[in-house]
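What follows is a short report on a single structure.
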(Lines give C-alpha, C1' and ligand atoms only; values in the text may rest on other atoms or scores of the structure.)
Protein backbone atom coordinates (compact mmCIF):
# COMPACT_ATOMS: atom_id res chain seq x y z
CA UNK A 1 0.00 0.00 0.00
CA UNK A 2 1.61 3.19 -1.24
CA UNK A 3 0.96 5.52 1.70
CA UNK A 4 2.03 2.94 4.28
CA UNK A 5 5.18 2.27 2.25
CA UNK A 6 5.96 5.98 1.99
CA UNK A 7 5.54 6.33 5.77
CA UNK A 8 8.30 3.77 6.26
CA UNK A 9 10.67 4.53 3.38
CA UNK A 10 10.10 8.30 3.11
CA UNK A 11 10.42 7.78 -0.64
CA UNK A 12 9.64 11.08 -2.37
CA UNK A 13 8.70 9.44 -5.66
CA UNK A 14 5.85 7.70 -3.83
CA UNK A 15 4.90 11.05 -2.34
CA UNK A 16 4.67 12.58 -5.81
CA UNK A 17 2.35 9.80 -6.99
CA UNK A 18 0.13 10.19 -3.92
CA UNK A 19 0.11 13.97 -4.35
CA UNK A 20 -0.95 13.69 -7.97
CA UNK A 21 -3.76 11.33 -7.07
CA UNK A 22 -5.08 13.04 -3.95
CA UNK A 23 -4.26 16.76 -4.13
CA UNK A 24 -6.83 17.60 -6.86
CA UNK A 25 -9.52 15.72 -4.89
CA UNK A 26 -8.56 17.45 -1.65
CA UNK A 27 -8.69 20.85 -3.34
CA UNK A 28 -12.07 20.08 -4.92
CA UNK A 29 -13.39 18.97 -1.52
CA UNK A 30 -12.15 22.16 0.15
CA UNK A 31 -13.72 24.32 -2.57
CA UNK A 32 -17.02 22.51 -2.00
CA UNK A 33 -16.74 23.54 1.68
CA UNK A 34 -17.05 27.09 0.43
CA UNK A 35 -13.42 28.27 0.37
CA UNK A 36 -12.11 30.79 -2.11
CA UNK A 37 -9.81 29.32 -4.74
CA UNK A 38 -6.60 30.80 -3.34
CA UNK A 39 -7.41 29.67 0.21
CA UNK A 40 -8.33 26.20 -1.04
CA UNK A 41 -4.99 25.99 -2.83
CA UNK A 42 -3.13 27.00 0.33
CA UNK A 43 -5.08 24.61 2.59
CA UNK A 44 -4.56 21.79 0.10
CA UNK A 45 -0.79 22.35 0.20
CA UNK A 46 -0.87 22.27 4.00
CA UNK A 47 -2.98 19.09 4.07
CA UNK A 48 -0.65 17.44 1.55
CA UNK A 49 2.37 18.53 3.59
CA UNK A 50 0.73 16.92 6.64
CA UNK A 51 0.36 13.72 4.64
CA UNK A 52 4.18 13.64 4.62
CA UNK A 53 4.81 14.93 8.12
CA UNK A 54 2.17 12.84 9.90
CA UNK A 55 2.50 9.71 7.77
CA UNK A 56 3.87 7.82 10.79
CA UNK A 57 0.40 8.20 12.35
CA UNK A 58 -1.34 6.53 9.41
CA UNK A 59 -2.51 3.05 10.38
CA UNK A 60 -3.15 1.02 7.22
CA UNK A 61 -4.92 -1.73 9.16
CA UNK A 62 -7.47 0.73 10.48
CA UNK A 63 -8.30 2.98 7.59
CA UNK A 64 -7.83 3.44 3.88
CA UNK A 65 -5.54 6.17 2.53
CA UNK A 66 -8.46 8.22 1.20
CA UNK A 67 -10.18 8.03 4.61
CA UNK A 68 -7.10 9.35 6.35
CA UNK A 69 -6.64 12.07 3.72
CA UNK A 70 -10.28 13.04 4.21
CA UNK A 71 -9.72 13.61 7.95
CA UNK A 72 -6.53 15.63 7.26
CA UNK A 73 -8.33 17.84 4.72
CA UNK A 74 -11.38 18.23 6.96
CA UNK A 75 -9.31 19.24 9.98
CA UNK A 76 -7.15 21.63 7.97
CA UNK A 77 -10.26 23.39 6.64
CA UNK A 78 -12.19 23.54 9.91
CA UNK A 79 -9.17 24.72 11.87
CA UNK A 80 -8.73 27.55 9.35
CA UNK A 81 -12.43 28.50 9.34
CA UNK A 82 -12.88 28.40 13.11
CA UNK A 83 -9.38 29.50 14.07
CA UNK A 84 -9.34 26.66 16.55
CA UNK A 85 -8.58 22.97 16.44
CA UNK A 86 -11.45 20.59 15.63
CA UNK A 87 -11.71 18.20 18.62
CA UNK A 88 -10.19 14.86 17.68
CA UNK A 89 -10.63 11.60 19.55
CA UNK A 90 -7.65 9.63 20.81
CA UNK A 91 -7.33 6.19 19.27
CA UNK A 92 -4.32 4.53 20.76
CA UNK A 93 -6.22 1.46 21.80
CA UNK A 94 -8.86 0.70 19.24
CA UNK A 95 -10.00 -2.86 19.63
CA UNK A 96 -9.57 -4.88 16.48
CA UNK A 97 -12.94 -6.31 15.64
CA UNK A 98 -14.02 -8.90 13.13
CA UNK A 99 -16.41 -6.52 11.39
CA UNK A 100 -13.69 -3.90 10.86
CA UNK A 101 -14.38 -2.62 7.37
CA UNK A 102 -11.57 -0.16 7.15
CA UNK A 103 -8.49 -2.32 6.75
CA UNK A 104 -8.52 -2.48 2.98
CA UNK A 105 -5.93 -2.21 0.23
CA UNK A 106 -6.01 0.36 -2.56
CA UNK A 107 -7.84 -1.91 -5.01
CA UNK A 108 -10.53 -2.81 -2.51
CA UNK A 109 -10.78 0.85 -1.55
CA UNK A 110 -11.47 1.86 -5.14
CA UNK A 111 -14.23 -0.75 -5.37
CA UNK A 112 -15.61 0.36 -2.02
CA UNK A 113 -15.61 4.02 -3.07
CA UNK A 114 -17.48 3.18 -6.25
CA UNK A 115 -20.01 1.19 -4.26
CA UNK A 116 -20.54 4.09 -1.84
CA UNK A 117 -20.83 6.60 -4.71
CA UNK A 118 -23.44 4.35 -6.32
CA UNK A 119 -25.25 3.93 -3.00
CA UNK A 120 -25.35 7.73 -2.52
CA UNK A 121 -26.75 8.19 -6.02
CA UNK A 122 -29.45 5.67 -5.15
CA UNK A 123 -30.46 7.35 -1.88
CA UNK A 124 -33.82 9.10 -1.87
CA UNK A 125 -33.19 12.73 -2.78
CA UNK A 126 -33.99 14.07 0.69
CA UNK A 127 -31.40 11.72 2.23
CA UNK A 128 -28.67 12.46 -0.34
CA UNK A 129 -29.31 16.14 0.28
CA UNK A 130 -28.57 15.91 4.02
CA UNK A 131 -25.41 13.87 3.33
CA UNK A 132 -24.12 16.55 0.95
CA UNK A 133 -25.15 19.43 3.21
CA UNK A 134 -23.33 17.79 6.14
CA UNK A 135 -20.14 16.79 4.32
CA UNK A 136 -19.75 19.53 1.72
CA UNK A 137 -21.42 22.54 3.27
CA UNK A 138 -20.60 21.89 6.93
CA UNK A 139 -24.25 22.45 7.92
CA UNK A 140 -25.37 21.49 11.42
CA UNK A 141 -28.69 19.72 11.99
CA UNK A 142 -30.35 23.01 12.97
CA UNK A 143 -28.99 24.81 9.89
CA UNK A 144 -30.26 22.05 7.62
CA UNK A 145 -33.66 22.14 9.37
CA UNK A 146 -33.85 25.88 8.88
CA UNK A 147 -32.80 25.84 5.25
CA UNK A 148 -35.08 22.97 4.25
CA UNK A 149 -37.86 24.21 6.52
CA UNK A 150 -38.36 20.80 8.11
CA UNK A 151 -38.35 19.81 11.81
CA UNK A 152 -35.00 18.98 13.45
CA UNK A 153 -36.23 15.41 14.07
CA UNK A 154 -36.80 14.87 10.33
CA UNK A 155 -33.27 16.01 9.50
CA UNK A 156 -31.83 13.60 12.03
CA UNK A 157 -33.93 10.66 10.88
CA UNK A 158 -32.91 11.30 7.25
CA UNK A 159 -29.25 11.32 8.28
CA UNK A 160 -29.71 8.11 10.30
CA UNK A 161 -31.38 6.33 7.37
CA UNK A 162 -28.68 7.49 4.93
CA UNK A 163 -25.84 6.53 7.29
CA UNK A 164 -27.34 3.10 7.86
CA UNK A 165 -27.61 2.38 4.12
CA UNK A 166 -24.11 3.65 3.37
CA UNK A 167 -22.63 1.55 6.17
CA UNK A 168 -24.40 -1.56 4.90
CA UNK A 169 -22.89 -0.80 1.50
CA UNK A 170 -19.42 -0.41 3.00
CA UNK A 171 -19.78 -3.79 4.68
CA UNK A 172 -20.84 -5.27 1.36
CA UNK A 173 -24.21 -6.25 2.79
CA UNK A 174 -26.24 -4.28 0.30
CA UNK B 1 -15.75 0.95 32.41
CA UNK B 2 -19.12 -0.29 31.23
CA UNK B 3 -20.72 2.22 28.88
CA UNK B 4 -24.41 1.74 28.22
CA UNK B 5 -25.50 4.95 26.52
CA UNK B 6 -23.99 5.89 23.19
CA UNK B 7 -24.11 8.60 20.52
CA UNK B 8 -27.03 8.99 18.15
CA UNK B 9 -26.06 8.00 14.60
CA UNK B 10 -27.01 11.47 13.34
CA UNK B 11 -24.66 13.13 15.86
CA UNK B 12 -21.82 10.82 14.98
CA UNK B 13 -22.32 11.38 11.25
CA UNK B 14 -22.18 15.16 11.63
CA UNK B 15 -19.09 14.91 13.83
CA UNK B 16 -17.27 13.01 11.09
CA UNK B 17 -18.57 15.40 8.42
CA UNK B 18 -17.12 18.28 10.43
CA UNK B 19 -20.45 20.01 10.83
CA UNK B 20 -20.93 19.92 14.62
CA UNK B 21 -20.36 23.02 16.72
CA UNK B 22 -17.01 23.14 18.53
CA UNK B 23 -18.57 22.28 21.90
CA UNK B 24 -20.64 19.38 20.63
CA UNK B 25 -17.65 18.05 18.66
CA UNK B 26 -15.65 18.18 21.89
CA UNK B 27 -18.23 16.08 23.78
CA UNK B 28 -18.28 13.57 20.91
CA UNK B 29 -14.46 13.39 20.76
CA UNK B 30 -14.33 12.80 24.53
CA UNK B 31 -16.93 10.02 24.45
CA UNK B 32 -15.35 8.36 21.40
CA UNK B 33 -11.95 8.43 23.13
CA UNK B 34 -13.29 6.22 25.92
CA UNK B 35 -15.90 4.13 24.08
CA UNK B 36 -14.71 1.33 21.80
CA UNK B 37 -18.19 0.84 20.39
CA UNK B 38 -18.50 4.42 19.17
CA UNK B 39 -14.87 4.44 18.03
CA UNK B 40 -15.67 1.59 15.64
CA UNK B 41 -18.75 3.47 14.43
CA UNK B 42 -16.71 6.64 13.82
CA UNK B 43 -14.07 4.75 11.84
CA UNK B 44 -16.80 3.29 9.67
CA UNK B 45 -18.36 6.69 9.10
CA UNK B 46 -14.94 8.13 8.23
CA UNK B 47 -14.77 5.51 5.49
CA UNK B 48 -17.84 7.16 3.99
CA UNK B 49 -15.90 10.46 4.04
CA UNK B 50 -12.97 8.71 2.37
CA UNK B 51 -15.22 7.28 -0.31
CA UNK B 52 -16.76 10.71 -0.91
CA UNK B 53 -13.29 12.22 -1.27
CA UNK B 54 -12.19 9.41 -3.56
CA UNK B 55 -15.27 9.91 -5.71
CA UNK B 56 -14.69 13.59 -6.36
CA UNK B 57 -13.84 14.29 -9.98
CA UNK B 58 -12.05 17.60 -10.27
CA UNK B 59 -12.93 18.51 -13.82
CA UNK B 60 -13.67 22.11 -12.98
CA UNK B 61 -10.82 24.42 -14.09
CA UNK B 62 -10.83 26.44 -10.86
CA UNK B 63 -10.38 23.21 -8.91
CA UNK B 64 -7.22 22.24 -10.79
CA UNK B 65 -4.05 22.68 -8.81
CA UNK B 66 -1.59 25.29 -9.87
CA UNK B 67 1.34 23.84 -11.76
CA UNK B 68 4.01 24.79 -9.31
CA UNK B 69 1.98 23.53 -6.29
CA UNK B 70 3.80 20.21 -6.26
CA UNK B 71 7.17 21.94 -6.61
CA UNK B 72 6.40 24.20 -3.66
CA UNK B 73 5.35 21.30 -1.46
CA UNK B 74 8.34 19.18 -2.46
CA UNK B 75 10.62 22.07 -1.52
CA UNK B 76 9.11 22.07 1.95
CA UNK B 77 9.31 18.34 2.66
CA UNK B 78 12.78 18.61 4.12
CA UNK B 79 11.99 21.67 6.20
CA UNK B 80 12.34 21.27 9.90
CA UNK B 81 8.88 20.47 11.22
CA UNK B 82 7.35 23.18 13.36
CA UNK B 83 7.23 22.12 16.96
CA UNK B 84 3.80 20.66 17.58
CA UNK B 85 2.01 19.79 20.74
CA UNK B 86 1.52 16.06 21.32
CA UNK B 87 -1.14 14.75 18.98
CA UNK B 88 -4.36 13.76 20.75
CA UNK B 89 -4.53 10.66 18.66
CA UNK B 90 -1.53 9.15 20.36
CA UNK B 91 -2.28 9.95 23.98
CA UNK B 92 -4.01 7.58 26.35
CA UNK B 93 -7.75 7.43 26.84
CA UNK B 94 -7.71 9.11 30.21
CA UNK B 95 -4.72 11.27 30.88
CA UNK B 96 -5.03 11.30 34.63
CA UNK B 97 -6.93 9.56 37.40
CA UNK B 98 -9.16 12.55 37.38
CA UNK B 99 -11.20 11.24 34.52
CA UNK B 100 -10.32 13.94 32.03
CA UNK B 101 -10.61 12.44 28.53
CA UNK B 102 -7.66 13.46 26.33
CA UNK B 103 -9.54 15.91 24.02
CA UNK B 104 -10.89 17.84 27.03
CA UNK B 105 -7.43 18.26 28.52
CA UNK B 106 -6.62 20.74 25.71
CA UNK B 107 -9.20 23.03 27.30
CA UNK B 108 -9.01 22.44 31.04
CA UNK B 109 -5.68 20.74 31.73
CA UNK B 110 -5.29 17.35 33.31
CA UNK B 111 -7.36 17.59 36.45
CA UNK B 112 -10.95 18.19 37.44
CA UNK B 113 -9.66 19.25 40.85
CA UNK B 114 -7.98 22.44 39.66
CA UNK B 115 -11.03 23.95 37.97
CA UNK B 116 -12.20 27.35 39.14
CA UNK B 117 -15.88 26.51 39.50
CA UNK B 118 -18.48 29.28 39.38
CA UNK B 119 -21.34 28.88 41.83
CA UNK B 120 -24.79 28.98 40.29
CA UNK B 121 -26.89 27.99 43.31
CA UNK B 122 -26.27 25.91 46.45
CA UNK B 123 -24.86 22.58 45.22
CA UNK B 124 -24.61 23.74 41.57
CA UNK B 125 -21.36 24.83 39.94
CA UNK B 126 -20.28 25.42 36.35
CA UNK B 127 -17.22 26.20 34.29
CA UNK B 128 -17.42 27.46 30.70
CA UNK B 129 -15.12 25.33 28.58
CA UNK B 130 -15.33 27.25 25.32
CA UNK B 131 -17.34 30.11 23.89
CA UNK B 132 -20.04 29.21 21.41
CA UNK B 133 -21.85 31.33 18.85
CA UNK B 134 -25.08 29.66 19.88
CA UNK B 135 -25.58 27.34 22.79
CA UNK B 136 -23.03 26.49 25.45
CA UNK B 137 -20.17 24.15 26.26
CA UNK B 138 -19.61 23.85 29.98
CA UNK B 139 -18.71 21.56 32.80
CA UNK B 140 -21.38 21.15 35.47
CA UNK B 141 -20.81 19.94 39.01
CA UNK B 142 -23.91 19.08 40.99
CA UNK B 143 -24.14 17.71 44.52
CA UNK B 144 -25.82 14.34 45.16
CA UNK B 145 -29.55 14.49 45.80
CA UNK B 146 -30.00 17.67 43.75
CA UNK B 147 -32.06 17.78 40.60
CA UNK B 148 -31.75 20.01 37.56
CA UNK B 149 -34.74 22.11 36.57
CA UNK B 150 -37.02 20.37 34.10
CA UNK B 151 -36.27 21.52 30.58
CA UNK B 152 -36.72 20.83 26.91
CA UNK B 153 -34.59 21.88 23.96
CA UNK B 154 -34.79 23.91 20.81
CA UNK B 155 -31.85 22.04 19.31
CA UNK B 156 -29.50 19.25 20.38
CA UNK B 157 -28.03 18.66 23.84
CA UNK B 158 -25.11 16.33 24.51
CA UNK B 159 -24.01 15.38 28.03
CA UNK B 160 -21.05 13.19 28.92
CA UNK B 161 -20.80 11.85 32.48
CA UNK B 162 -17.26 12.26 33.77
CA UNK B 163 -17.87 11.39 37.40
CA UNK B 164 -20.81 10.31 39.55
CA UNK B 165 -24.23 9.36 38.21
CA UNK B 166 -27.66 10.72 37.45
CA UNK B 167 -30.99 9.55 36.21
CA UNK B 168 -33.86 11.04 34.29
CA UNK B 169 -37.10 9.79 32.77
CA UNK B 170 -35.14 7.80 30.16
CA UNK B 171 -32.49 6.03 32.15
CA UNK B 172 -29.64 5.82 34.64
CA UNK B 173 -26.28 7.21 33.54
CA UNK B 174 -22.82 6.58 34.92
CA UNK B 175 -19.22 7.49 34.00
CA UNK B 176 -18.60 7.43 30.25
CA UNK B 177 -22.28 7.40 29.28
CA UNK B 178 -23.47 10.04 26.89
CA UNK B 179 -26.98 11.48 26.85
CA UNK B 180 -27.86 12.60 23.33
CA UNK B 181 -31.25 14.38 23.17
CA UNK B 182 -33.06 16.98 21.06
CA UNK B 183 -36.29 18.95 20.83
CA UNK B 184 -38.36 15.76 21.09
CA UNK B 185 -37.29 15.32 24.71
CA UNK B 186 -38.14 17.04 27.97
CA UNK B 187 -36.33 15.75 31.00
CA UNK B 188 -35.28 16.43 34.57
CA UNK B 189 -32.07 14.96 35.88
CA UNK B 190 -31.72 13.74 39.49
CA UNK B 191 -28.19 13.31 40.82
CA UNK B 192 -27.76 9.90 42.47
CA UNK B 193 -25.08 8.21 44.56
CA UNK B 194 -23.02 9.92 47.23
CA UNK B 195 -20.49 11.91 45.22
CA UNK B 196 -20.71 15.04 43.09
CA UNK B 197 -21.83 14.47 39.55
CA UNK B 198 -19.52 16.13 37.02
CA UNK B 199 -20.52 16.24 33.39
CA UNK B 200 -19.52 17.96 30.17
CA UNK B 201 -22.52 19.49 28.48
CA UNK B 202 -22.92 21.13 25.08
CA UNK B 203 -25.95 22.55 23.31
CA UNK B 204 -26.35 24.16 19.91
CA UNK B 205 -29.21 26.46 20.95
CA UNK B 206 -30.68 27.71 24.24
CA UNK B 207 -32.55 25.30 26.50
CA UNK B 208 -36.31 25.62 26.94
CA UNK B 209 -37.18 25.59 30.64
CA UNK B 210 -40.62 24.26 31.39
CA UNK B 211 -41.20 25.79 34.80
CA UNK B 212 -41.63 29.41 35.82
CA UNK B 213 -38.58 29.19 38.10
CA UNK B 214 -36.46 27.89 35.25
CA UNK B 215 -37.60 30.71 33.00
CA UNK B 216 -36.79 33.30 35.65
CA UNK B 217 -33.33 31.85 36.29
CA UNK B 218 -32.43 31.29 32.63
CA UNK B 219 -30.89 34.73 31.95
CA UNK B 220 -28.83 34.47 35.13
CA UNK B 221 -27.63 30.92 34.58
CA UNK B 222 -26.55 31.51 31.00
CA UNK B 223 -28.39 28.40 29.76
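The values are calculated or read from the model by the stated rules, or taken from the named source; none is laboratory data. Because the structure is a prediction, the values reported are computed rather than measured. As a convention, Cβ positions derive from the backbone with ideal geometry for all residues, glycine included, and neighbour counts pool all protein chains shown.
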Out of curiosity, is residue B:16 at pLDDT 95 or above, in a helix (DSSP H, G or I) and over 11 Å from the mean Cα position of the chain (by Cα)? yes
Checked against (1) in contact (Cβ under 8 Å) with a residue 60 or more places away in the chain; (2) assigned to a helix (DSSP H, G or I); (3) more than 8 Å from chain B (Cβ to nearest Cβ), residue A:68 satisfies every condition except (3)
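Here is a yes/no grid of residues against (1) surrounded by fewer than 24 Cβ atoms within 10 Å (Cβ to Cβ); (2) at the interface with chain A (Cβ under 8 Å from one of its Cβ atoms):
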residue: B:4; (1), (2): yes, no
residue: B:8; (1), (2): yes, yes
residue: B:22; (1), (2): yes, yes
residue: B:26; (1), (2): no, yes
residue: B:36; (1), (2): yes, yes
residue: B:46; (1), (2): yes, yes
residue: B:50; (1), (2): no, yes
residue: B:56; (1), (2): yes, yes
In the stretch A:20-37, what residues are more than 8 Å from every other protein chain (Cβ to nearest Cβ), in a helix (DSSP H, G or I) and free of Cβ contacts under 8 Å to residues at least 24 places away in the same chain? A:21
Keeping to the stretch A:106-141, report how many residues are farther than 30 Å from residue A:1 by Cβ, at the interface with chain B (Cβ under 9 Å from one of its Cβ atoms) and free of Cβ contacts under 8 Å to residues at least 12 places away in the same chain. 2
Please go through the stretch A:38-64 and pick out each residue that is over 16 Å from residue A:78 (Cα atoms) and facing chain B (nearest Cβ under 8 Å). A:49, A:52, A:53, A:54, A:57, A:62, A:63, A:64
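Only one residue in A:23, A:73, A:38 is modelled with pLDDT of 90 or more and within 22 Å of residue B:44 (Cβ to Cβ), so which one is that?
Answer to the selection: A:73.
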For residue A:4, are the conditions met, namely being more than 23 Å from residue A:111 (Cα to Cα), surrounded by fewer than 20 Cβ atoms within 10 Å (Cβ to Cβ), over 14 Å from the mean Cα position of the chain (by Cα) and more than 7 Å from chain B (Cβ to nearest Cβ)? no
Would it be correct to say that residue B:66 is at the interface with another protein chain (Cβ under 7 Å from one of its Cβ atoms) and outside any helix (DSSP H, G or I)? yes
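Among the residues in the stretch A:146-156, are any modelled with pLDDT of 90 or more, surrounded by fewer than 21 Cβ atoms within 10 Å (Cβ to Cβ) and within 10 Å of chain B (Cβ to nearest Cβ)?
Yes, some residue in the stretch A:146-156 is modelled with pLDDT of 90 or more, surrounded by fewer than 21 Cβ atoms within 10 Å (Cβ to Cβ) and within 10 Å of chain B (Cβ to nearest Cβ).
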Subset of the stretch A:147-174, residues in a loop (DSSP other than H, G, I, E, B) and more than 13 Å from residue B:45 (Cα to Cα), comes to A:149, A:150, A:151, A:172, A:173, A:174
Taking the conditions exactly as written (free of Cβ contacts under 8 Å to residues at least 60 places away in the same chain and more than 29 Å from residue A:41 (Cβ to Cβ)), does residue B:68 satisfy them or not? no
Please indicate, with yes or no, whether at least one residue in the stretch B:62-74 is modelled with pLDDT of 90 or more and touching a helix residue (DSSP H, G or I) at 6+ places or on another chain (Cβ under 6 Å). yes
Hey, among A:17, A:84, which residue is more than 7 Å from chain B (Cβ to nearest Cβ) and at pLDDT below 95? A:17
